[in-house]
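To start, I am sharing the structure in question, which I have written as C-alpha cells.
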Amino acid sequence: MSTHSFQTRQSKPLVQAITGGVMGLAMAALLAFAISFAFSGRALGQASETPPYGADARYECEAGARESGATGRALGACDLLLRDGSVSGETRARVLTNRAVMLLARGQNVQARSDLEEAVELAPELAEAWLNLSAAQISTGSAQQAIETARQAGELGASPALAAFNTAIALETLGRFEDAYAAYNQAAQQDPENMTLAAQPGRFIWHQG
C-alpha cells in the first residue's frame, strides 16, 4: 500500500478556499486509501457450495479481492461465478462484493457501486457490502448518502473504525470539517494501532492548540 501525503489545514477559511483545488487531490488520495484499507484485509469467502467447475474460480475471485493488484484473471473468475445460475442469494452477493473491491481498485467506480447495490439487495445483512458501498458512494459523488450507508454497515457489525473512517471521509468531502474531525477521532480511537487512522485528526491543526 503506497504512502499518501495530504495538505495540512491552517485555518477554516483556508480549508474552504482550497477545497476545490489542491484539497480535491488530497481527498482523492485519502479515498483511495480508504477503499484499499476497507477491502484488502477481508475478502469475502463464498458459501460452502462449490460450482460445477470446481473451487478454482472461487479461489481466484477471493484472492483478487484480498490483494491490492487485482488481475484480469481474478475479475474473470468472479464473472464466471456470476454467470452461473446456481450462484444466487448471499453467495452471489459475496461474489459481487469481491468483484466490486477489484473494480474500485481499478477506478471503475460506477460499475463497482452497481455491484454493491445489488449485493445489499440480495443480502441486506452483509456488513462488508454496506461498508464497501459507502466508499463507492463517496467515489461516485454521493457523499451524503454514504454517511447513512456507513452507519448501516456499523450496525450490522462492520469494523467500527472503518465505518467511522468512511463517515469521516464523506463528511470532509461535504465540507463539514468539524464533524469530519470528530469522526476521524472516533476512527482512530477504535483502532489505535493503525497509524493511518491515528494521523488523520492531526491534519486539522486548528484543534491542536
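What follows draws every value from the coordinates through simple rules; no lab data is involved. Fair warning: this is a prediction, and the values are worked out from it, not measured in the lab. Note: ideal-geometry Cβ built from the backbone for every residue, glycine included; neighbour counts use all protein chains shown.
Does segment 78-148 come out rounded, prolate or oblate by the C-alpha gyration tensor, with a ≥ b ≥ c the root eigenvalues, rounded set by a/c under 1.5 and, if not, prolate when a/b is larger than b/c and oblate if not? Show your work: numbers first, answer last.
Numbers: a/c = 2.68, a/b = 1.49, b/c = 1.80.
Oblate is the answer for segment 78-148, as a/c is 1.5 or above yet b/c matches or exceeds a/b.
If r is the Cβ-Cβ distance from residue 155 to residue 88 and R0 is 25 Å, what FRET efficiency results, to the nearest 0.05? Let's see the in-between values first.
On the way: r = 25 Å, r/R0 = 1.02.
After rounding, the FRET efficiency stands at 0.45.
If you don't mind, another one. Would you mind calculating the gained length between residue 111 and residue 205 on full extension (0.36 nm times residue separation, minus the Cα-Cα distance), in nm to one decimal?
Details: separation 94, 0.36 × 94 = 33.84 nm, distance 3.69 nm.
Result: 30.2 nm gained on full extension.
Shifting gears a bit: Let me know the volume per residue of the alpha-carbon convex hull for segment 57-102, in Å³. Don't skip to the end; give the middle numbers.
Details: hull volume 2.4 nm³, N = 46.
Here the figure is 52 Å³ per residue.
Please identify the GluC sites (Glu not before Pro) of segment 100-183 that satisfy two criteria: DSSP loop assignment and at most 16 other Cβ atoms within 10 Å. Which are they? Kindly include the intermediate steps, with their values, before the conclusion.
Working: sites: 117, 118, 121, 125, 128, 148, 155, 172, 178; in loops: 125.
Those that pass, being in a loop and sparsely packed, are 125.
Only sites in a loop by DSSP and with at most 15 other Cβ atoms within 10 Å count here; which trypsin sites (Lys or Arg not before Pro) in segment 101-206 make the cut? All intermediate terms of the calculation are to be shown ahead of the outcome.
Working: sites: 106, 113, 151, 176, 203; in loops: 106, 176.
The qualifying sites are 106.
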